[in-house]
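Here the structure is laid out as structure tokens; the discussion comes afterwards.
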Amino acid sequence: MQLYALCDQKLLDIHNVSIDSFILTCKKHNAKIIQYRDKSADIATVKSQLILIRKLFDGYLIINDMYELVEYCDGVHLGQEDLLKIDRDIAKAVSIVRDIIGKDKILGISTHNLKEIQLANSLELNYIGLGAYRETKTKDVSNVLGERLDNLAEKSIHKVAAIGGVKLDDKFLHVSYLVIGSDLIEN
């Protein structure tokens, strides 16, 4: 499994951690991917943060939600709610985003159950985020999968990133990436 680091600006601010410090921690743990998430900043601020991260990190950089900034990174991750804002049909929303970002960019979506995984299997994606594995400080979680996560991951034809409350020492058989946020900030 590889480390997929979640750089959540709200969490960085709460813990008074700089982007530079977070990137150093990611490098120390051999992170392959960093997803930048800022749900409250304007697009110009997020763009400047992406540019900064790109200067500090040579791995894959993913933007959360703001697919209009994909030129500054390697791909986009969208949650179910964000897809529904694009189109009420998730498959159509993914197709719209894929057309906008192109085939050379990474596209991942969040999934939470077998039905969403089965739909994702029919979509042009690079990976799915699956979870939440356990309760997390970064988001309100209504569906905790716990030990069922690994069995559900086995049903995906795409690479799977375990999301939601994942810790550095968690182990799974059918998961490609561990998405870690708060563990990297709090250690």
Worksheet item: Which condition number in (1) over 19 Å from Ile185 (Cβ atoms); (2) assigned to a helix (DSSP H, G or I) is the one that Val76 fails?
Response: (2)
Worksheet item: Within segment 146-174, how many residues turn out to be touching a residue at least 60 places away in the same chain (Cβ under 8 Å) and farther than 22 Å from Ile63 by Cβ?
Response: 3
Worksheet item: If Ala31 satisfies every condition in (1) assigned to a helix (DSSP H, G or I); (2) at pLDDT 95 or above but one, which is the exception?
Response: (1)
Response to the item:
Condition set under 15 Å from Ser48 (Cα atoms) and either touching a Pro at 6+ places or on another chain (Cβ under 6 Å) or not aliphatic (A, V, I, L, M) (or both), scope segment 9-32, selection surrounded by the most Cβ atoms within 10 Å (Cβ to Cβ): answer is Gln9
Worksheet, complete the sentence: Selection from segment 132-145 of residues in contact with a strand residue (DSSP E or B) (Cβ under 7 Å, 6 or more places away or on another chain) and without any contact (Cβ under 8 Å) to a residue 40 or more places away in the chain yields Ala132, Tyr133, Leu145
Item to complete: Using the structure shown, decide if Leu178 is part of a strand (DSSP E or B), buried (at least 19 other Cβ atoms within 10 Å of the Cβ) and not polar (S, T, N, Q).
Response: yes
Response to the item:
Among the residues of segment 70-96, the number that are in contact (Cβ under 8 Å) with a residue 24 or more places away in the chain and either closer than 17 Å to Glu116 by Cα or among the polar types (S, T, N, Q) (or both) is 9
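Conditions (1) hydrophobic (A, V, I, L, M, F, W, C); (2) closer than 21 Å to Tyr67 by Cβ; (3) in a loop (DSSP other than H, G, I, E, B), marked per residue:
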| site | (1), (2), (3) |
| --- | --- |
| Lys85 | no, yes, no |
| Asp99 | no, yes, no |
| Ile109 | yes, yes, no |
| Leu123 | yes, yes, yes |
| Leu184 | yes, no, no |
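The values are calculated or read from the model by the stated rules, or taken from the named source; none is laboratory data. What you are looking at is a predicted structure, and each value in this text was computed from that prediction instead of being measured. FYI the Cβ positions are ideal-geometry reconstructions off the backbone, even for glycines, and counts take in every protein chain you see.
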